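Structure first, commentary second.
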Amino acid sequence: MTGPVPTLSAVGTPRLLAGLDRQPWLDRAAHLALHGPPPTPSWSELAALAEEIGLRGRGGAGFPFARKLRAVAASLRRTGGAAAVVVNGSEGEPGCLKDTALLLHVPHLVLDGALLAAGALGAEQVAVGVTREDVELSVRRAVAERGTSGPAARVVRLPERFVTGEGTALVRGVGGGPALPSGRKVRSSESGLGGAPTLVSNTETFAQLAVAARLGAAGFRELGLAEEPGTVLLTVAGKHVVETPTGLPLPYALGLCGTDPGQGVLVGGYHGTWLGAAGAAAATVSRDSLAAAGAVFGAGALLPLPESTCPVGETARVARWLAAESAGQCGPCFQGLPSLAESLFEAAHGGGRQALEGVRARMRAVERRGACAHPDGTARFVASSLAVFAEDFEAHATGAGCGRPVLGALPLPDGVRGAAAVPGGARASKPAPAERLLVDWTLCRGHGLCADLLPGPLRLGPDGYPERAVVAVPARMRQRALRAVRRCPALALRIETTGAAN
């Protein structure tokens, strides 16, 4: 599928987005005319360059690229085999479009960086993992323009969901397996694609590498901060992509996109943290500045929350979506995140201070226990919301509410419905559809698991079978109903939408 197409802008002279003021897609000839042919450094020269400019992964974790490169080289020396290079272009984060922008408009720059690394390591496999149809077509077109010289990059379309971008999920998916986290602690640099030592990095990281290889360390350092040189790509409000030198005041970057800090800014996306209005106003676009303010730069997503929307309702709807994005492979994620989302819903609907304590208990139950970072990241997002918007959560939990609607300011994929009504005047812009759980008697075998997963609405009769074939599903229990459907051993359950809720 295709998704939103970002608007592009730059502060000063762009590097990654250069040339797009003249044409919207840089073909091979335009790319070479603008940037020139790429060099052919050794892996040690490439590692030294990455270290000198402080190049870190731009996908979220910020891991030093030089260390990744050296780890793969060390594995090759031990094994004597061939390496692989994988570009992470999945971008399952709804508030982030920067990698999509690169692959849609300047795919040759990304391919240059990946092929530079592949040539330096002697890699025989280069793969680009994507999730959007338009991105896939753009990269395939660029690969076709390059012909057959050198290791050809292949493009792999993966499922469009949040956890696809997790490193092991990406490598498994590109290799033809399920695009799900492996849950194992084996590094891709030791055993990745097809068992080969694999260099995995983000789309922007490879594009930055291609720029730096041409400019050299001194040229790359002409822009940005001395301790964090160069430029970065930011996604603002889920729709604007801006290239800016590091060190730019955060409010200025927001202002370029016609917005301001509002009630606060979520930095780093839905696994990130909130900066309150005062903290956002004082921050600059740099890892150190944001870290000092208690935030993590992550993948460069900046999501300001307007004064007109309800922070409690916004948090609750995102938490529900994150719970639904579980890979379903471990209990802390598959069971813990829906429980966390339900606790948030109860707190938002006047569940009292005990409901807020329930949210905190659910967070503690999932932290540091998942097969991947999804439970931890979700808990971090919720904990940050509770801290920054403490007064709003208190008002909702005690039944007073904040009096603001839920406008859906935090972007979610098309077709994902918003939060249900929240007391205190906060109501979703569209009513949620009513749903009911249907029992197929021709398949039901009376296992009884459904009643354990959906207590209350679904009760068993004396014979051990559900009492009714049609069960109304309260909005707050939707995740439990979905779990019951997925886990029914006889596949005897399904959910039916019946229209708009009252």
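The values are calculated or read from the model by the stated rules, or taken from the named source; none is laboratory data. Values in this document were obtained by computation on a predicted structure and should not be read as measured data. Cβ atoms come from the backbone with ideal geometry, glycine included; neighbour counts cover every protein chain shown. SASA here: full protein model, heavy atoms, side chains in, ligands and nucleic acids out. Shrake-Rupley method; radii C 1.70, N 1.55, O 1.52, S 1.80 Å.
For the reader, a short list of remarks on this structure follows.
- Amide hydrogen proximity for Val473: with H placed 1.01 Å from N in the peptide plane, the residues at 5 or more positions away or on another chain lying under 5 Å are Glu435, Arg436, Leu437.
- When Rg and Dmax are taken over the Cα atoms of segment 447-494, they come to 9.8, 29 Å.
- Among Ala383, Ala365, Phe393 - extreme Cα towards positive end, dipole of segment 352-393, charges at beta-carbon: Ala365
- Each 10 Å bin from 0 upward holds the following percent of the Cα-Cα pairs of segment 258-326: 21, 51, 25, 3.
- Near Leu275, the amide H atoms lying under 5 Å from its own belong to Val265, Leu266, Val267; only residues 5 or more places off or on other chains count, and H is placed 1.01 Å from N.
- Stokes-Einstein D in µm²/s, Kirkwood radius over Cα pairs - segment 333-377 at 37 °C with 0.692 mPa s viscosity: 312
- Here, segment 207-251 has an Rg and a Dmax of 11.6, 33 Å when only alpha carbons are counted.
- Of the DSSP H helices in the chain, those with a Cα length along their own long axis of 15 Å or more and a mean Kyte-Doolittle hydropathy reaching -1.0 comprise 65-79, 107-121, 133-145, 203-220, 311-324, 336-348, 353-366, 374-388.
- Rolling a 1.4 Å probe over the protein heavy atoms gives segment 1-153 an accessible area of 41 Å² per residue.
- By the equivalent-ellipsoid construction on the alpha carbon gyration tensor, segment 1-157 comes out with semi-axes of 26, 17, 17 Å, ordered largest to smallest.
- Only protein atoms count toward the accessible area here, which uses a 1.4 Å probe; on segment 108-162, the carbon and sulfur part of that area reaches 49 percent.
- Whole-percent carbon and sulfur share, accessible surface of segment 247-326, 1.4 Å: 58
- Note that segment 315-412 presents 37 Å² accessible area per residue, ligands and nucleic acids not counted, probe 1.4 Å.
- Taken along its principal axes, the alpha carbon cloud of the chain reaches lengths of 74, 50, 38 Å, longest axis first.
- Put simply, the amide H of Glu160, placed in the peptide plane, has no neighbours under 5 Å, leaving out anything fewer than 5 places away on its chain.
- Counting only heavy atoms of the protein chains and using a 1.4 Å probe, Thr442 has close to 100 Å² of accessible surface.
- Cβ crowding within 10 Å averaged over residues, with 451-463, 122-134 ranked highest first: 122-134, 451-463
- Count of lysine pairs in the chain with Cα separation under 24 Å (8 or more residues apart, or interchain): 4
- Dipole moment magnitude, nearest 20 debye, segment 113-271 about Cα centre, only Lys, Arg, Asp, Glu C-beta charged: 500
- As a rough guide to protection, the peptides 61-68, 113-120 ranked by mean Cβ packing within 10 Å, highest first, stand as 113-120, 61-68.
- Ordering of 9-16, 480-487 by burial proxy (mean other Cβ atoms within 10 Å per residue, highest first): 480-487, 9-16
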